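Worksheet for the structure shown next.
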Amino acid sequence: MVATVYETPDDALEGVGDGATVMVGGFVSAGSPSHLILALKRRGTKDLTAIANNIGLGDKLDELCEQRQLRKMIASFAIRASGGRRSRFEELYHAGEVELELVPQGTLAERIRAGGAGIGGFLTRTGLGTPLAEGKQELELGGERYLLERPLRADVALIRAQRADRLGNLVYREAGRNFNPVMATAADLVICEVEEIVEPGELDPERIGTPAAYVDRLVRCDPIEVRWSG
């Protein structure tokens, strides 16, 4: 399979419709597919369920709340503990206009990995005895209690890498790797924005973080500097 290269982020989102579940890579702003997020905003796609590490913490994902495009957010960091200006998402959440499922960061990563690996679920002690356990099945194994966590998959994954070849092999820059590789395994359609696209054979095979087999679409985009004001 060879990835299709698109001219613009707007074109790369062709076919992503209302009601989609969308995984969005990144950790704060590192490795966040800002151009694709802003293109999703321009398209006006609505009733979205987004899965990401964070929203409103130095990323562009919060922009989707301006026109109320999000129906639900599944994330580890979405609400500030104290202080600082509220994000658009927080304002909508406190007004009861958007759903939020908080997931511990390690559990979030493992749920996505399970979705990509075809695993039906896994056991963890994280969240036991807290509101995060509400509605989840508890099991006992070896005298210990565990929560059964279910896998996460998405219709679309929006990710970012530093470089790609025209086949779709991806190389990440340092912390930009974060959630991007695992999300690429857990979506039906994977769209990646990259800073540079090179010919096959030009990437160091030892540095490829996501093989081309997982990547459907590529679009070349310059970096966007994003700052978090706290």
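The values are calculated or read from the model by the stated rules, or taken from the named source; none is laboratory data. Model, not experiment: these values are computed from the prediction. In this analysis, Cβ positions are derived from the backbone assuming ideal geometry, glycine residues included, and neighbour counts consider all displayed protein chains. Ligands, DNA and RNA are stripped out before the accessible areas are found, and what is left, the full protein with its side chains, is counted by its heavy atoms. Shrake-Rupley method; radii C 1.70, N 1.55, O 1.52, S 1.80 Å.
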- line: region 59-173: relative contact order from alpha carbon pairs under 8 Å, six or more residues apart, as a whole percent, is 19 percent
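Take the Cα pairs of region 160-230, get the Kirkwood Rh, then feed it into Stokes-Einstein at 20 °C and 1.002 mPa s and tell me D in µm²/s.
Numbers: Rh = 12.4 Å.
Calculated translational D: 172 µm²/s.
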- prompt: Relative contact order (percent) for the chain, with alpha-carbon contacts under 8 angstrom and 6 or more residues of separation?
  reply: 25 percent
message: Considering all alpha-carbon pairs of region 11-93, what whole percent are spaced by more than 22 angstrom?
response: 16 percent
- prompt: About the Cα centre of the chain, what is the dipole size in debye to 20, counting +1 per Lys and Arg Cβ and -1 per Asp and Glu Cβ, all else neutral?
  reply: 520 debye
task: Pull up the cross-link candidates among the lysines for LYS136, meaning alpha carbon to alpha carbon under 29 Å and not fewer than 8 places away within one chain.
output: LYS46, LYS72
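Can you give the relative contact order of region 53-121 as a percent, counting alpha carbon pairs under 8 Å and 6+ residues apart? Working shown, then result.
Numbers: 70 pairs, mean separation 23.1, N = 69.
Dividing the mean separation by the residue count of region 53-121 yields 33 percent.
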- prompt: Roughly speaking, what is the stretch gain from LEU139 to GLU199, that is 0.36 nm per residue apart minus the C-alpha to C-alpha distance, in nm to one decimal?
  reply: 16.6 nm
- line: Taking placed amide H atoms and a strict 5 Å upper bound, the residues 5 or more places from VAL190 or on another chain that come that close are ALA157, ASP216, ARG217
- line: The rounded separation in angstrom of the Cα centers of region 88-124 and region 158-221 is 23 Å
query: Sorted by accessible area with a 1.4 angstrom probe, largest first, how do PHE77, PHE122 fall?
result: PHE77, PHE122
